[in-house]
1. Scan the range 18-27 and tell me whether some residue there is of a type in the set (Gly, Ala, Ser), at pLDDT 95 or above and farther than 27 Å from PRO122 by Cα.
2. Those residues that are assigned to a loop (DSSP other than H, G, I, E, B) and among the hydroxyl-bearing types (Ser, Thr, Tyr), I need them from the range 81-119; list them, please.
3. Output the number of the condition that LYS50 fails; it satisfies all remaining conditions of (1) touching a Ser or Thr at 6+ places or on another chain (Cβ under 9 Å); (2) exposed (fewer than 10 other Cβ atoms within 10 Å of the Cβ); (3) not hydrophobic (A, V, I, L, M, F, W, C).
Amino acid sequence: MSDPLRRVTRWQAKCTPERTKATLDSIREDMRQRYEAATAALSQMETDVKQTLNAKGVNTINYVPYLSFARQLFKLAKKNISGESMAIEAKVLVDKWTARSLNHDVLVAIRFENFSIDEPKP
């Protein structure tokens, strides 16, 4: 390990508020565009899930936990997991939310209709 005093001095030199601001200013537009795209995708997913819930006859007061389940699947899909691994992870989420008293058939419908995830193979 190098000299601790030297490390601290170098860190202080490169971590100034002005330098941090300049760095953030240079990437701010890209950050805004990525946030805007992510928010639009999340909003579209929630709208699609609400349509599925409506088709399954779920009362609107019960939408919140189903949307939480869908957000967890959405987050899982963003991790670039696919195939059997994704099916197993989705089954774990279905089982978790079923244990929290949500309707298993509605959860399976969300998983399949909105995220195109099949049951894992036995």
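The values are calculated or read from the model by the stated rules, or taken from the named source; none is laboratory data. Given the structure is predicted, the values throughout are model-derived calculations rather than measurements. No Cβ is skipped: glycine too gets one built from the backbone with ideal geometry, and neighbour counts run over all protein chains shown.
1. no
2. SER82, SER101, SER116
3. Going through the list (1) touching a Ser or Thr at 6+ places or on another chain (Cβ under 9 Å); (2) exposed (fewer than 10 other Cβ atoms within 10 Å of the Cβ); (3) not hydrophobic (A, V, I, L, M, F, W, C), LYS50 breaks only (2).
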